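One structure below.
Each value in this text was obtained by applying a stated rule to the coordinates, not by laboratory testing. Owing to the predicted nature of the structure, the values given are computational and were not obtained by experimental measurement. Cβ sites come from the backbone with ideal geometry, for glycine too, and all protein chains shown count toward neighbours.
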Amino acid sequence: MKSHPFIIISCLMILVKPIKSQSDTLIYIGDPMCSWCYGFTPELDAIKAAFPQSSFEMVMGGLRPDGTETMGDLKEFLWNHWIEVQQASGQKFNFSILNKHDIMYNTEPACRAIIVADKLKPGIKYSYFQAVQKSFYLENNHPGDIDVYTKIAANLGLDADAFYALFQNPQSKMDAYSDFDLAASMGVKGFPALIAKIDGKLYLVTNGYQKADKIIKLLKAKGME
């Protein structure tokens, strides 16, 4: 979902999960089924590459958790958004899924799958996130199908049976909602959002789609390495 994009470099008085290291940190809040997050992925790749010494953390935002509207219900809305994202970012879309009126636009399973994958193999979160985006936006796989997420896990070297079992564990859904609550506590109003921790201070860098060059310039001006 696109918010009115802007860049703010201001200190945030928020609580975040404990950061594992004392290095500067980029904290990304997004949802793999958010079209603007999909558009932002190449920009985020460039931002991450510009700051190889900085840590990277992810929080699942929960765009439409347990949504009950179908792709058919949202077809016109999504079509217009996807066209806009495609034009702004250059990312390719497969629009065929918008004609599958029986598919619910529920983003919770995708977010849960990413959290489960990271539990099984810490550090895989972003790679799995990107694979889920490709699965939905290019391959048009069903976003509520556990077999889709299990296959992605196997392709990334995870134990398929362990992933399948953990995905179905009720605690995993609770963990997804914990991420959604954390994103809300940060004051994030739209996705993608990026927060930077620089010299122990927290800054909201963007709450909406932006090009990498602007973000990189501002982060460097703040001293991020």
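Look at the dipole of region 25-214 built from charges on Cβ: of ALA212, ALA154, LEU74, the Cα furthest out on the positive end belongs to ALA212. The phi-based Karplus calculation (6.51 cos²θ - 1.76 cosθ + 1.60; θ = phi - 60°) puts the 3J(HN,Hα) values of region 148-163 at 4, 6, 5, 5, 4, 4, 4, 5, 9, x, 8, 6, 4, 5, 5, 5 Hz, whole numbers, x for Gly and Pro. Each semi-axis of the equivalent ellipsoid for region 68-163 is √(5λ) with λ an eigenvalue of the Cα gyration tensor; in descending order they amount to 26, 15, 10 Å.
Under a 5 Å amide H cut-off, with hydrogens placed 1.01 Å from N, SER55 pairs with ASP24, THR25, LEU26 among residues at least 5 apart or on other chains. The DSSP beta bridges internal to the chain are antiparallel in roughly 70% of cases. The relative contact order of the chain comes to 36 percent, based on Cα pairs under 8 Å that sit 6 or more residues apart.
Of the trypsin sites (Lys or Arg not before Pro) found in region 94-142, the ones in coil according to DSSP and having at most 16 other Cβ atoms within 10 Å of their Cβ are LYS100. In terms of Cα atoms, the Rg and Dmax of region 128-225 work out to 17.3, 47 Å. Along region 115-121 the Karplus relation, 6.51 cos²θ - 1.76 cosθ + 1.60 evaluated at θ = phi - 60°, assigns HN-Hα couplings of 5, 5, 4, 5, 5, 6, 8 Hz to successive residues, with x for each Gly and Pro.
In the structure shown, the pairs LYS151/LYS220; LYS100/LYS134; LYS100/LYS121; LYS134/LYS201; LYS75/LYS214; LYS125/LYS214 are assessed against 29 Å; a Cα-Cα span above that value is assigned to LYS151/LYS220; LYS100/LYS121; LYS134/LYS201; LYS75/LYS214. Here each label is just a point 7 Å from Cα along the line to Cβ, and for ASP147 and ASN99 those points are 2.3 nm apart. For region 67-74, 3J(HN,Hα) computed residue by residue from phi via the Karplus equation (6.51, -1.76, 1.60; θ = phi - 60°) reads x, 10, 7, 8, 4, x, 4, 9 Hz, glycine and proline entered as x.
Taking the inverse of the mean reciprocal distance over all distinct Cα pairs, the Kirkwood hydrodynamic radius of the chain comes to 17.8 Å. Give the residues of region 183-225 whose amide nitrogen is closer than 18 Å to a point set 7 Å from the Cα of GLN53 in the direction of its Cβ. Counting backbone N atoms under 18 Å from the label point, the list is 196-201, 216-225. Tilt of helix 212-221 relative to the longest C-alpha principal axis of the chain, in degrees (0 to 90, nearest 10)? Approximately 30 degrees, to the nearest 10. Taking amide H as placed 1.01 Å from N in the peptide plane, the amide H of GLU69 sits under 5 Å from that of TYR105, each at least 5 places away or on another chain.
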